[in-house]
Structures are given as structure tokens and as C-alpha cells.
1. Hey, for a label at Asn75 modelled as a point 7 Å past Cα toward Cβ, could you say which residues of segment 1-42 have their backbone N under 11 Å away?
2. Counting only protein heavy atoms, what percent of the accessible surface of the chain is carbon or sulfur at a 1.4 Å probe?
3. Taking only Cα atoms, what is the 0 to 90° angle, nearest 10, from helix 91-103's long axis to the longest principal axis of the chain?
4. In square angstrom, what is the accessible area per residue of the chain with a 1.4 angstrom probe?
5. To two decimal places, what compactness ratio does the chain give when its Cα radius of gyration is scaled by 2.2 N^0.38 Å?
6. Quick check: from the Cα gyration tensor, does segment 16-97 come out rounded (a/c under 1.5), prolate or oblate?
7. Could you give each residue of segment 30-46 its phi-based ³J(HN,Hα) in whole Hz, using Karplus coefficients 6.51, -1.76, 1.60 with θ = phi - 60°, and x for Gly or Pro?
8. Using the alpha-carbon atoms, what tilt in degrees (0 to 90, nearest 10) does helix 108-136 show relative to the longest principal axis of the chain?
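The values are calculated or read from the model by the stated rules, or taken from the named source; none is laboratory data. As the structure is a computational prediction, the values presented were derived from the model and not from experiment. Ideal geometry is used to build each Cβ from the backbone, glycine not excepted, and the neighbour counts take in all protein chains shown. The protein model used for the area step is the full one, side chains on, heavy atoms only, and it has no ligands, DNA or RNA in it. Shrake-Rupley method; radii C 1.70, N 1.55, O 1.52, S 1.80 Å.
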Amino acid sequence: MGELNVTLVAVDRQIWAGTASRVIARTLDGEIGILPQHEPVLALLADSPVRITTTAGDVIEAAVHGGFFAVDHDNVSILAETAELGGEIDVARAREALERAKAAGDDDEARAAQERAETRLKVALNDQRHAADARQG
């Protein structure tokens, strides 16, 4: 079927690069799934998890905040303002950030902080679940 060449970078560093069979991301227009031979796409990323299924079958998940998502000729570029792999996120700190964001009020900035914290926590907990499944499997 083919494969995708995927690069996930943040402003300050490369987060992940490799081959994948599928990439799922959320853009401002909604969630999008990319398989090999997908039509070209250029979109703004929403604060959300990005899931990359490698050609080896592993799932890489990252919390992505802002940026662009581009697909062209089986090349997928995820250019985020900030991004963290699930294993890089401290769950306790993510929970604390979520509680602070919830307590901060109900303005646009507080809601955006809450969404970022929820994304980070979701990705971190998914990473822990995948790691536990791998140990048991």
C-alpha cells in the first residue's frame, strides 16, 4: 500500500521523524486521517493529540499546540508551535496545570489553557496505557 514519511517538529526541536502507515490530527476544520497516496493538504492545527501509526505498528502520540499540518506526495509535515511526546509529559504536573486552568476563570485565555492542559494529560495517560499494554502483551 505504501508508506508516509512523517516529520513532527516544534519551534525548538524535532520531536519525531520516520515512516508511518497512518497519521491522525485535528485541524481547525475537524479531525483528519492520512493514509499513503492522500491528496495534498495544508491546514492549521488545533490544540490536540496527533497519532502516528508507524510502519512497525507502534503508535506515537504527541500533544500538539498550534501550527500547521501539510501533506504532499506521501510526505507529512507537522509543524507545531509546541509539541511533546506522551512519555515526555509529567502526569502530576499536567493535572496541576489543568486544575490551575479550571480555576483561572472562563475567559478565552483560561479556556485555551484548559484545552492545552487537557490535551497534555490525555496524551500522557494514553502513553502510560500503551506502555502497560506492551508490558502485558
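1. 5-7
2. 48
3. Helix 91-103 and the main axis of the chain meet at about 60 degrees.
4. On the way: 7810 Å² over 137 residues.
Accessible area per residue: 57 Å².
5. 1.07
6. Since a/c reaches 1.5 but b/c is at least a/b, the shape of segment 16-97 is classed as oblate.
7. 3J(HN,Hα) across segment 30-46, in whole Hz: x, 6, 9, x, 10, 10, x, 6, 5, 4, x, 9, 9, 8, 7, 7, 8.
8. For helix 108-136, the angle is close to 60 degrees.
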